[in-house]
Amino acid sequence: MRMEGRLATGIDGFDVLVQGGFPARTVNLVAGPAGSGKSLFGLHFCYSGARVLGEPSMYLVLEETKESLQRVMRTFGMGFEDLERSERFLMIDLGELRIGGAEGSAIGFRELQDFLASSLKAAHVRRLVIDSLSAVGLHYSTPGEFRERLFGFSRFLRAQDVTTVLIAESPDAQSLTAHGVEQFIADSFVHLGLEEVKGELRRTLTVRKMRFTKHDTAKHPMYITPKGLAVAADEKVV
């Protein structure tokens, strides 16, 4: 379903929490601990745009391998081969391309911007996922430098005709993001939780921030189903 000025994620139960999806041409942060479903969230966003709405989408891989994420897509029934052939869905492993610097060196925001400045327009990309900021952070020696470069990179993204999802790691239960600044620079912040309750892991989702949106602020249960992520929008975690 397409809503004016909104980009639906295709995640069952999520879009109703945020008036139909992410606001167009915004920079959106999805953060959480390892195993919370961050990459799967980003894959849903790109796949739904390409498959359902015909919006060219690009997924930049900085940490995991392209092959690993393609396996995830197949597991949840996201057939992407025809979308790749028609260039509606592009998954690019920047580790393979080794942009800027020696092999194995961390990629910084300048290298990302140089790559995207030409490739976004050439491929007419409308949806972009960068997975993840944690990998980019290794390029910078201080949190101050990371913040400054991220601020400039976010301004660049907002100047493009693209809606972006940035994925970031939550290092521990007390820290929502690794550098403590990512959520303030982004237009929206979706936090995925992974909590141990009575010996079992419970996944949760909270929309902590979303500009231009009257959004739900409660913590909701989130599940991994045979079709991918699903949010119980009518349930709350207390």
Among the DSSP H helices of the chain, those whose Cα atoms extend at least 15 Å along the helix axis and whose mean Kyte-Doolittle hydropathy is -1.0 or higher are 38-52, 109-122, 143-158
Accessible area of Glu55, 1.4 Å probe, to the nearest 10 Å²? 20 Å²
7 Å from Cα along Cα→Cβ at both Lys66 and Ser141: what's the point-to-point distance in nm? 3.4 nm
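If the viscosity is 1.002 mPa s and the temperature 20 °C, what translational diffusion coefficient in µm²/s does Stokes-Einstein give for the chain when Rh comes from Kirkwood over Cα pairs? Write out the running numbers ahead of the final one.
On the way: Rh = 17.9 Å.
For these conditions, the coefficient is 120 µm²/s.
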Hey, got the dipole for the chain? About the Cα centre, +1 on K and R Cβ, -1 on D and E Cβ, debye to the nearest 20? 660 debye
The stretch 98-190, accessible surface, carbon-and-sulfur percent (1.4 angstrom probe): 51 percent
For Val52 and Ala106, compute 0.36 nm times the residue count separating them, minus their Cα-Cα distance, and round to one decimal in nm. 16.0 nm
Taking R0 as 22 Å and r as the Cβ-Cβ distance between Ala34 and Lys227, the FRET efficiency 1/(1 + (r/R0)^6), rounded to the nearest 0.05, comes to 0.45
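Have a look at the DSSP beta bridges in the chain and tell me what percent are antiparallel, nearest 5.
About 45 percent, rounded to the nearest 5.
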What FRET efficiency comes out for the pair Asp82/Val181, r = Cβ-Cβ distance, R0 = 41 Å, nearest 0.05? 0.55
Starting from the Cα of Thr217, move 7 Å in the Cα-to-Cβ direction to define the label point; list residues of the stretch 1-43 whose amide nitrogen is under 17 Å from there. 17-19
In nanometres, the difference between 0.36 nm per residue of separation and the alpha-carbon distance of Arg155 and Leu201 is 12.8 nm
Between Gly193 and residues 5 or more places away or on another chain, the pairs with built amide H atoms under 5 Å apart involve Thr204, Leu205, Thr206
Does a label point 7 Å from the Cα of Ala24, set along Cα-to-beta-carbon, have any residues of the stretch 156-182 with amide nitrogen under 13 Å, and which are they? 161-163
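Per the Kirkwood treatment, what hydrodynamic radius in Å, one decimal, follows for the stretch 173-228 from the mean inverse distance over all distinct Cα pairs? Write out the running numbers ahead of the final one.
On the way: mean 1/r = 0.0774 Å⁻¹.
By the Kirkwood definition, the hydrodynamic radius is 12.9 Å.
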Karplus couplings for the stretch 222-238 from phi (6.51 cos²θ - 1.76 cosθ + 1.60, θ = phi - 60°), rounded to Hz, Gly and Pro as x? 10, 10, 9, 10, x, 9, x, 6, 9, 10, 7, 5, 9, 10, 10, 9, 10
Stokes-Einstein D for the stretch 106-234 (20 °C, 1.002 mPa s, Kirkwood Rh from Cα pairs), in µm²/s, comes to 130 µm²/s
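The values are calculated or read from the model by the stated rules, or taken from the named source; none is laboratory data. Only a predicted model underlies this, so the values are computations on that prediction, with no experimental measurement involved. No Cβ is skipped: glycine too gets one built from the backbone with ideal geometry, and neighbour counts run over all protein chains shown. Please note that ligands, DNA and RNA were not included when accessible areas were found on the heavy atoms of the full protein model with its side chains. Shrake-Rupley method; radii C 1.70, N 1.55, O 1.52, S 1.80 Å.
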